[in-house]
1. With respect to the cross-link table entries Lys32/Lys158; Lys32/Lys197; Lys134/Lys193; Lys98/Lys242, which display a Cα-Cα separation exceeding 23 Å?
2. Would you kindly derive the ³J(HN,Hα) couplings of region 39-48 from the backbone phi angles with the Karplus curve 6.51 cos²θ - 1.76 cosθ + 1.60 (θ = phi - 60°), listing them in order in whole Hz, with x for Gly and Pro?
3. Working from Cα positions, state the angle (0 to 90°, nearest 10) between the long axis of helix 362-372 and the longest principal axis of the chain.
4. Counting Lys +1, Arg +1, Asp -1, Glu -1, what net charge surrounds Ala211 among other residues with beta carbon under 14 Å of its beta carbon?
5. Determine the shape class of the chain: with a ≥ b ≥ c the square roots of the Cα gyration tensor eigenvalues, call it rounded for a/c under 1.5, and otherwise prolate if a/b is greater than b/c, oblate otherwise.
6. Could you check the simple spin-label distance between Val359 and Ala328, using points 7 Å along Cα→Cβ, in nm with one decimal?
7. Multiplying the sequence separation of Glu263 and Arg311 by 0.36 nm and subtracting their Cα-Cα distance, what value in nm do you get?
8. Considering amide H positions built from the backbone, and no H for Pro or chain starts, which residues 5 or more places from Ala46, or on another chain, come under 5 Å of its amide H?
Amino acid sequence: MPSTSEKQTGKVSNGRKSLPLDSILEGNSIEKMRDLPDNSIDLIFADPPYNLQLKDQLHRPDNSRVAGVDDKWDQFASFKAYDTFTRAWLAEARRILKNTGSLWVIGTYHNIFRVGTALQDQDFWILNDIIWRKTNPMPNFRGTRFTNAHETLIWAAKSQEHSKYTFNYNALKAMNDDLQMRSDWLFPICSGKERIKKNGKKAHATQKPEALLYRILMASSRPGDVVLDPFFGSGTTGAVAKRLGRRYIGIERETDYIAVARERIKAVEPLDDEVLGYTISKRQAPRVPFGQLVEAGLIKSGTTLYDSRKRFAARVRSDGTLVCRDLAGSIHQVGAHVQGAPACNGWTFWHVEKSDSLVPIDRFREEIRRVATL
């Protein structure tokens, strides 16, 4: 747990270094990441330069100019230069990412395939590619190509061996009306009140919608986790992280963007602890052995347990094991034995008789878990 001084300064020690929590680091992303400790970040969201390779100004049919991405930070001398840059920041990202963490990268057809190759070359393990389909994409004004109506996100773990990354499957399913969340996401691009402007112009050419970051953070982080955005821009990641009770670190080299991001994040009101709760899976829930139910008196020693149709019965012993005819063992072992099955989930197989009805013992485990999380 962070000390009192760490809470006051916003820094958490990690070995000889500390994390500058809830702050924006001004400078080169690769250099600033080098200052962060190994295995210290829970989640990285990266919206790197796309290397759009624009050569001419783009105009609408009425001859008005399209405010595209023509900033110097998106310009590279060659594909080789872009690949060198990509591999350098990915190497630092992998170093500072926790073994239980994951990385998200977003891009277009200009760069995402090169980024994907670099990811795999550095042993990241790709979990999904997500298609963000835009409900209001910019048209192809020249009529020479299909309208670019989507961007691609790559979600990756640190390696194939690091499989205990955070994925709040049940929370995403709950958000999607109890249906599995799919890999095609439908969101509008930033417009209207959400689009930040400065002197009547876009404050940032590629500002991402908060809804997109909301889903990413809900999917692969937990309250209190540290989220890094090495290309912070107008601060969408920081704004959503603050609202959802996550800690953020942003890296940005453009002073104008930093000013916009700080003002934006300052206005965000974080959700209270009760609202921050979310649906977790049983795998994420605290482990509760059956013996703990016996200790707590929720199921007493000597109680007879039955299967749902009362074909089999077993008695609870003082140490939380069951005894049934010629066998004593765990709820799972005895459940498998009486059925002649290779395995059994004793939590759903065994029931307690209450008021002339049978109640699964799993109900009592959930009671222990509920109390533990209060």
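Where a number appears in this text, it was derived from the coordinates with a stated rule and is not lab data. Owing to the predicted nature of the structure, the values given are computational and were not obtained by experimental measurement. As a convention, Cβ positions derive from the backbone with ideal geometry for all residues, glycine included, and neighbour counts pool all protein chains shown.
1. Working: Lys32/Lys158 20 Å; Lys32/Lys197 27 Å; Lys134/Lys193 17 Å; Lys98/Lys242 20 Å.
In this structure, Lys32/Lys197 exceed 23 Å between Cα atoms.
2. Values per residue, Gly and Pro as x: 6, 10, 10, 7, 8, 10, 10, 10, 10, x Hz.
3. 60 degrees
4. Values: positive: Arg133, Lys134, Lys193, Arg195, Lys208, Arg215, Arg243; negative: Glu151, Glu194, Glu210.
So the environment of Ala211 carries a net charge of +4.
5. Values: a/c = 2.50, a/b = 2.17, b/c = 1.15.
In terms of gyration-tensor shape, prolate.
6. If labels sit at Val359 and Ala328, their model points lie 2.7 nm apart.
7. Details: separation 48, 0.36 × 48 = 17.28 nm, distance 6.66 nm.
So the chain would gain 10.6 nm between Glu263 and Arg311.
8. Here Trp104, Val105, Ile106 satisfy the definition.
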